[in-house]
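K.L.:
What follows is a structure written as structure tokens; I'll ask about it next.
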Amino acid sequence: MSTAPALVATQASIRQTRIHLLELARGHPRVILAGSLVLLLFLIALLAPFISPHDPIAVNADNAYLPPLSPSHLLGTDELGRDLFSRVLWGARVSLPVAFVAVAVGLVAGGVIGLISGYFGGVFDLLLMRLIDALLAFPALILAIAIVAALGPDLRNAMIAIGIVAIPVYARLVRALVLQLKQMEFIAATRSLGATPTSIILRHLIPNLLNPVIVQVSLSAGFAILAEATLSFLGLGAQVPTPDWGQMINTGATFLANDPWLAIVPGAAISVTVFSFNLLGDSLRDALDPRLRS
Amino acid sequence: MTTYVLRRLVLMVPVAFLVTIGVFMLIHLTPGDPALILLGEDRSPQAIAAIHQQLGLDKPLYVQYLIWLGHIVHGDLGRSITTHQPVTTAIGERLPATLELGAVALIWSLLVAIPLGTIAAVRRGSLADHLATGLAVGGVSIPNFFIGIVLIFFLSVTLRLFPFGGYVPFNQDPFENLRHVILPAIALGTAGAAINMRFTRSSMIEVLNQDYIRTARAKGAPWRRVVFIHALKNALIPVVTIVGLQIGGIIEGAVVTETVFTWPGVGRLAVESIFNRDYTVVQGIVLLAAFSYLIANLLVDLVYGWLDPRISFT
Amino acid sequence: MRWVAVAVAGLVLVAACGPSGGTSQSGGTPKAGGTATIALESELRTLDPLDSSLLVEREVFYNMYDSLFTIDPSLKITPGLVKSWDVSDPLNLKFTLQSGVKYQDGTAFNAQSVKDNIQRYLTASTSRRKSDLASVSSVEVVDDTHVIFHLKKPDATLLATLVDRAGMMLSMAAVQKGGQNFSLAPVGAGSGPFEFVEWQRNDHLTLKKNPNYWKPGLPYLDGVTYRAIPDVNAILAALKTGDIDIARTIAPKDVAGIKSDSSFIYRDTPAIGFNGFELNTGAPPFNDPAKRQAVALATDRYEILKNINFNIGVVGYGPIPPSSWAFDSTEKIYDHADAAKAKATATGFTFTYKTTSDPINQQLAALLQSELAAAGITMNIQTEEFATYVQECANHQFQACNVNWSGRLDPDGNTYAWWHTKGDFNDSLYSNAQVDAWLEDARVSTDQNKRKQDYLNAQKQIVADAPYVFTVFGVSAQISSNKIHGFTLYPDLMIRMAAVWKG
């Protein structure tokens, strides 16, 4: 669980003229590639019940440890004879919602803090930013582990923990963007025309925050999936028999010597998923950032 | 400059205070009882009560907090609930292993990042650039515990090139020490390598577009010399920043890697202590991690200003 | 955190196995010299028997300290620091001590030392031995080699208790010298075959040969090093890379491979603990005995033994394992899973089963879930973080809880605490006046046949009432490189190194 994607994303600069993402994608094949990958993952998650050849939690102990490419089991079976391919497909249904709820928690809480802090400044800013500093100073993974231990290990609590860990990223990003925007002429002009703070925030600030925030959301989704896998790997995520990738690696690692695919298959699934989100965020940022455009 | 540093230090006080409250409440409100963990199969109501009394867990929570706060203000982190060692000793015993792992991981990450990042920037848009950028995204996408498991499986269990986990202190056997640190350092440093490479690349691109580089080129300075002497030096400034922050976050970063490789570091101690409800040790480690994060941030800002005269401290 | 469940407190699902134990006579004549490295499944917390509660600690203690009594591989009580004993008066036990024994720090072991040690265990504020010695009123020094233990009430289990930590004798001079750090560095404190050198926590613990050991010719090895490796897969890998020589636990799935590998020696013997899960009789749904019996009937022990334990060990029917003299070989009322009979007893109910994230426990949970589903019983699995789970099970906040027991030498240790109304481990809130009476009688009775009858009666009742569903009896195993010889295998999981040598 690294804080790095966040640091990378804050480089994204604001542009006063908004760029429509679809428009932008046209000139950037990497964005299209990454976008399609992410879309594919969502389709898999959505269609898992229809495209899975087997029930992902049906135990068939006599059929355990079949190697990949066995008849009717494309990726083989696990220690309880469950179909690995089906479990991996269903795993997307676990990971993607977790990622999005966690990111939403971080985005909403962090966004509100950042907006208030940046727009109103003063005491608000001073106090809220100390809170964010404290949250940042708290080692993120240890914080997440402690939160899950406190609330009880399951997916909902893993989402909450990861969301809390993501708050400072959004708070700082939004605050920095708002501070920049506030100095721009059009905002000052609107304000002098007597617009209320609410309408300035809703009409002028938030729309201008969208692009960099979307980049960050994409990167944090990758981070959240990694974080969830890490928590599950430590036994603090999904409950059995939920087909969760991190959990599958945790159990699979036990069988590494004889049946390595039990850990390698879900490991690859996590890596591909996180890669897709990171690639999307990364390519969007490049596309939005004029300095880095090639 | 002095006022700036003072101001930053003063601002750290409320942050540290919030961290003490946060960690104390979080770990104490977590269900689970250290007495049950300590007693294991020897539990009895009398023994549990005796331990609660001994550890002061029978007092109201705010009293326990104030007692602890009073002690840490005097530099006393208390004793570990599980081993009775002073918390400073418990952490101190583990710190060298974590620092070594972090240092080797950092060296590995820079050895990969700086050359690849520079090449990618200089040959922007080339196949090499695309490959390097792809690798960078890949590097932060693979869970480090998974890298660890795969390395163990191939290099340690199957090929037996490296020992499986464990740690040998450097002063005991330098060669064995290095053999043990390599795999966990690779697992830990790969994400860092990817991030540092991205930073090197983007920073290098920016520097190469600067006027003075163009001028140097226009004057006919050899391209290699321009890149490696003039540009790289300046391009590494933001890399220093991110590396500084990585050093500040060493304890946290190592948590999972230390667990996978049974590396006796502070990160693993943190996880074990959370699981064993060793309140005092968890609190001590979080304080240490928070402190090193805050100091690293301050130092990074200072170094940044020193390297880049355009920034002034006010 | 896969090791935690294994690590804490010896609530171990030890790799289970089939009987094949005894002494290993391989390798010819013993020779002195060399060192051996042994894997421990978790880090130790203390080196003082006074406040010890982990299985791994006991394992180290047995090689550093001597106890008043010892056991032989058939669990019979044999002489230790006590040479002979007279227990004809159940309230005043007369012990004759070995003479000429010295602690490693040079002070003499004598009757006064026994008195001081017992006194320390009974009175120190951090002592965890108080309940072990609850029946002891005082120790009287008769002369240098004779003591009398005066008891408050007869205690048939006391000699077995004195095999373990409560009977380990330490040099009081060493204890005092160690002060607050004694539990971290007990220099010269024992009279055992090996003495403490250094403990580098989370890495290794080193012991060296006690050159003045009172048993002539022993030990053979120059030293022993313990390494905490909290993961069974890592233990196996370390065995294969030669980083360790001896281990006690590997994953059941790896046993076949090790057995067929000539560079290793694998041995096992039935252990003394039991495995399974407890059902809370104090709350719905399991306040209804029929529902408990339905779960016990629907549980397929052979499938668990085969798929989870890889057929290492034997299926378990009751609390007292085959290694014990009180084992009931006729007790088989839940032998084969019978979904139809289970359905007829009770069906259509739902309960939640609590377990930890240990992969083996997780596999077991998933398997049980599917077995019970066949009888129309819905089992929800709730994985908990270890400390939370321990607390909730201890506080009766569960419907079903997966808790194993490492076992005790005397059958009392496998029954009283768990199913006596006032037992310390009676998480299930089980209460049966007859069972209480049998267990109490077996504690004070000195006639072994009478005790055996008590335990047979109690077992039958407990198994029928099913406050706990027994699944598998495990084994006590030793896995070593083929250069290690001279092992004697004991059912209590402890690896005793005095007579071990390296070829």
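The values are calculated or read from the model by the stated rules, or taken from the named source; none is laboratory data. Remember, predicted model here, so these are calculated numbers, not experimental data. Using ideal geometry, Cβ is built from the backbone for each residue, glycine included, and neighbour counts are taken over all protein chains shown.
K.L.:
Which residues, counting only those in segment B:256-274, are within 11 Å of chain C (Cβ to nearest Cβ), over 17 Å from C:Phe386 (Cβ atoms) and under 13 Å from the mean Cα position of the chain (by Cα)?
P.N.:
B:Val256, B:Glu258, B:Gly265, B:Val266
K.L.:
Another question, if that's okay. Kindly indicate whether A:Gly252 is more than 9 Å from chain C (Cβ to nearest Cβ), out of contact with any Lys or Arg (no Cβ under 8 Å at 6 or more places or on another chain) and of a type outside the set (D, E, K, R).
P.N.:
No, not satisfied.
K.L.:
Output the residues belonging to segment A:138-191 that are of a type in the set (Asp, Glu) and free of Cβ contacts under 8 Å to residues at least 12 places away in the same chain. Even if it seems obvious, please write down each step before you answer.
P.N.:
We begin by selecting, within segment A:138-191, every residue of a type in the set (Asp, Glu); these are A:154, A:185.
Listed by number, the list holds a single entry, A:Glu185.
Residue by residue, here is whether (1) buried (at least 23 other Cβ atoms within 10 Å of the Cβ); (2) part of a helix (DSSP H, G or I) holds:
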{"site": "A:Ala221", "(1), (2)": "yes, yes"}
{"site": "A:Ala227", "(1), (2)": "yes, yes"}
{"site": "A:Ser232", "(1), (2)": "yes, yes"}
{"site": "A:Pro243", "(1), (2)": "yes, no"}
{"site": "A:Thr251", "(1), (2)": "yes, yes"}
{"site": "A:Ala287", "(1), (2)": "no, yes"}
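K.L.:
Hey, another quick one. Would you say C:Asn287 is surrounded by fewer than 22 Cβ atoms within 10 Å (Cβ to Cβ) and either at pLDDT below 90 or touching a Ser or Thr at 6+ places or on another chain (Cβ under 9 Å) (or both)? Please lay out each step first, then the result.
P.N.:
Values: surrounded by fewer than 22 Cβ atoms within 10 Å (Cβ to Cβ): yes; either at pLDDT below 90 or touching a Ser or Thr at 6+ places or on another chain (Cβ under 9 Å) (or both): yes.
Considered against the rule, which asks whether it is surrounded by fewer than 22 Cβ atoms within 10 Å (Cβ to Cβ) and either at pLDDT below 90 or touching a Ser or Thr at 6+ places or on another chain (Cβ under 9 Å) (or both), C:Asn287 comes out as yes.
K.L.:
Any residue in segment C:382-404 that's without any contact (Cβ under 8 Å) to a residue 60 or more places away in the chain and within 8 Å of another protein chain (Cβ to nearest Cβ): show its pairings with residues that are surrounded by fewer than 24 Cβ atoms within 10 Å (Cβ to Cβ) and of a type in the set (A, V, I, L, M) at Cβ separation under 7 Å, as long as the two are six or more apart or on different chains.
P.N.:
Note: pairs meeting the criteria are C:Thr383/A:Val240; C:Gln391/B:Leu36; C:Ala394/B:Leu36.
K.L.:
A further question follows. Step by step: first the residues of segment B:151-168, then only those that are touching a helix residue (DSSP H, G or I) at 6+ places or on another chain (Cβ under 8 Å) and more than 7 Å from every other protein chain (Cβ to nearest Cβ), then the one that is surrounded by the most Cβ atoms within 10 Å (Cβ to Cβ). Which residue is that?
P.N.:
Among them, the one singled out is B:Ile152.
K.L.:
Kindly indicate whether C:Leu151 is within 24 Å of the chain's Cα centre (by Cα) and more than 14 Å from chain B (Cβ to nearest Cβ).
P.N.:
Criteria not met by C:Leu151.
K.L.:
Can you tell me which residue among C:Leu236, C:Leu221, C:Leu207 is surrounded by 22 or more Cβ atoms within 10 Å (Cβ to Cβ) and free of Cβ contacts under 8 Å to residues at least 60 places away in the same chain?
P.N.:
Details: C:Leu221 fails: free of Cβ contacts under 8 Å to residues at least 60 places away in the same chain; C:Leu207 fails: free of Cβ contacts under 8 Å to residues at least 60 places away in the same chain.
None of the others qualify; the one that does is C:Leu236.
K.L.:
Continuing with this model, one more query. Which is in contact with a Phe, Trp or Tyr (Cβ under 6 Å, 6 or more places away or on another chain), in a helix (DSSP H, G or I) and within 30 Å of C:Asp243 (Cβ to Cβ), of B:Val256, B:Val271?
P.N.:
It is B:Val256.
K.L.:
Further, regarding this structure: Which members of segment A:50-84 meet the condition of being assigned to a helix (DSSP H, G or I), without any contact (Cβ under 8 Å) to a residue 60 or more places away in the chain and surrounded by 15 or more Cβ atoms within 10 Å (Cβ to Cβ)? Quick ask: steps written out before the conclusion?
P.N.:
Taking segment A:50-84 and keeping what is assigned to a helix (DSSP H, G or I), we get A:50-51, A:61-63, A:84.
Among the residues that remain, those that are also without any contact (Cβ under 8 Å) to a residue 60 or more places away in the chain are: A:50-51, A:61-63.
Within segment A:50-84, A:Ala61, A:Asn63 qualify.
K.L.:
Let me ask something additional. Only residues that are loosely packed, with under 15 Cβ neighbours inside 10 Å and modelled with pLDDT under 90: list them for segment B:75-101, please.
P.N.:
Result: B:Gly75, single match.
K.L.:
Please find, within segment B:33-65, the residue that is surrounded by the most Cβ atoms within 10 Å (Cβ to Cβ) out of those that are modelled with pLDDT under 90 and charged (D, E, K, R).
P.N.:
Filtering segment B:33-65 for residues that are modelled with pLDDT under 90 and charged (D, E, K, R), the one surrounded by the most Cβ atoms within 10 Å (Cβ to Cβ) comes out as B:Arg43.
K.L.:
Assess whether A:Asp154 counts as being within 14 Å of chain C (Cβ to nearest Cβ) and charged (D, E, K, R).
P.N.:
Yes.
K.L.:
Residue by residue through segment C:437-480, note down the ones that are buried (at least 24 other Cβ atoms within 10 Å of the Cβ), in a loop (DSSP other than H, G, I, E, B) and not small (Gly, Ala, Ser).
P.N.:
Passing the criteria: only C:Pro467.
K.L.:
Kindly check whether there is at least one residue in segment B:103-123 that is over 26 Å from B:Leu178 (Cα atoms), assigned to a loop (DSSP other than H, G, I, E, B), at pLDDT below 90 and over 25 Å from the mean Cα position of the chain (by Cα). Break it down stepwise before answering.
P.N.:
The initial filter retains those residues of segment B:103-123 that are over 26 Å from B:Leu178 (Cα atoms), namely B:117-123.
Going one step further and asking which of them are assigned to a loop (DSSP other than H, G, I, E, B), we end up with B:123.
If we keep only those that are at pLDDT below 90 too, we end up with B:123.
Keeping just the survivors that are over 25 Å from the mean Cα position of the chain (by Cα) gives B:123.
There is at least one residue in segment B:103-123 that is over 26 Å from B:Leu178 (Cα atoms), assigned to a loop (DSSP other than H, G, I, E, B), at pLDDT below 90 and over 25 Å from the mean Cα position of the chain (by Cα).
K.L.:
For segment C:395-426, which residues satisfy the criterion of being in a helix (DSSP H, G or I) and either of a type outside the set (Phe, Trp, Tyr) or over 22 Å from C:Pro270 (Cα atoms) (or both)?
P.N.:
Those that are in a helix (DSSP H, G or I) and either of a type outside the set (Phe, Trp, Tyr) or over 22 Å from C:Pro270 (Cα atoms) (or both): C:Pro411, C:Asp412, C:Gly413, C:Asn414, C:Ala417, C:Trp419.
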